[in-house]
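**Q** Structure in structure tokens, see below.
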Amino acid sequence: WGVKNPVAKQSTDISCDSSKPLFTAAFTEIDKIDAFGPLGGVGGGSPGRSYIGIKKGNEVAVYNPGEATLETIVYARRGGHGTPGEYGLYFKTDCGITFLLDHIHRVSDEIQALAPKEPADTSATQHGTQPNKKLEAGMLLGHTKGTPLSRTFDFLVEDESKKAYHINEKRWDWDQTIHSVCPYDLYTPELKAKFYDKLGIPSDAGLVKASECGGPSQD
């Protein structure tokens, strides 16, 4: 989604207890998901995002995975002028870790009250709102059917204390290709196991399972 919110750059404080899971609530309805995509895909989009494939004919709820501050809400027409708007929700945790839930078609009443009233023709974050409101883990954020072609929505987590390795560093200057980490590794062991059970790429023959969650490096 457009330009990363500059507010997210202001804090590099990694002060939380790394022995405790950052995320404690499932961010969607796992039984309605075909696959949770590993990082590093080469099929387009961002290699730092996990693309979540929704089962055909389903709409899924989207929840806040962990206590965090909702910094920015983007509401934009992704298919060009005249197409419906979609929401992107940018969060920051007390650890300095940021995350984004993207391609949400409709949001809860509480989120809508904080969001732009009309969709913009660009998804740049400066055209969004900045509610800076702390939300509890497990709060309903909205619902989505995913993108029209792939039926996916996105989960991006960035940790500025970690840096992906690239053979040619100069080619990679987008935060998502440098600081992205696996969202599912930040969960409680029980929830992590459920996500990893569906980690992979959906196909006509079923789930092609991934051996690991991967990272943003494509070199």
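The values are calculated or read from the model by the stated rules, or taken from the named source; none is laboratory data. These numbers were taken from a predicted model, which means no experiment stands behind them. Virtual Cβ from ideal backbone geometry, glycine too; neighbours counted across all protein chains shown. Keep in mind that these areas ignore ligands, DNA and RNA; they rest on the heavy atoms of the full protein, side chains included. Shrake-Rupley method; radii C 1.70, N 1.55, O 1.52, S 1.80 Å.
**Q** Considering each residue of the range 165-199, count those that are over 18 Å from the mean Cα position of the chain (by Cα) and either of a type in the set (A, V, I, L, M) or farther than 18 Å from Gly214 by Cβ (or both), and give that number.
**A** Adding up the residues that qualify gives 9.
**Q** Among the residues of the range 165-200, what is the count of those that are open to solvent by 100 Å² or more (accessible area, probe 1.4 Å) and basic (Lys, Arg)?
**A** 3
**Q** Okay, moving on. Select from the range 111-132 the residues that are open to solvent by 50 Å² or more (accessible area, probe 1.4 Å) and touching a helix residue (DSSP H, G or I) at 6+ places or on another chain (Cβ under 9 Å) and write down the one among them that is nearest to Gly146 (Cα to Cα).
**A** Asp121
**Q** Take the residues of the range 182-202 that are touching a residue at least 40 places away in the same chain (Cβ under 8 Å) and among the hydrophobic types (A, V, I, L, M, F, W, C): which is nearest to Leu156 (Cα to Cα)?
**A** Among those that are touching a residue at least 40 places away in the same chain (Cβ under 8 Å) and among the hydrophobic types (A, V, I, L, M, F, W, C), it is Cys182.
**Q** Taking the range 93-110 on its own, how many of its residues are open to solvent by less than 40 Å² (accessible area, probe 1.4 Å) and in contact (Cβ under 8 Å) with a residue 40 or more places away in the chain?
**A** 11
**Q** Follow-up question, since we're still on this one. Any residue that is open to solvent by 30 Å² or more (accessible area, probe 1.4 Å) and at positive phi - is there at least one of those in the range 153-163?
**A** Start the filter on the range 153-163 by keeping residues that are open to solvent by 30 Å² or more (accessible area, probe 1.4 Å), which leaves 160-163.
Applying the additional criterion that residues be at positive phi yields none.
So far as the range 153-163 goes, no, none of its residues is open to solvent by 30 Å² or more (accessible area, probe 1.4 Å) and at positive phi.
**Q** Which condition number does Ser161 fail, the rest of (1) under 18 Å from the mean Cα position of the chain (by Cα); (2) within 25 Å of Glu67 (Cβ to Cβ); (3) at pLDDT below 95; (4) of a type in the set (S, T, N, Q) being met?
**A** Ser161 satisfies all of (1) under 18 Å from the mean Cα position of the chain (by Cα); (2) within 25 Å of Glu67 (Cβ to Cβ); (3) at pLDDT below 95; (4) of a type in the set (S, T, N, Q) except (1).
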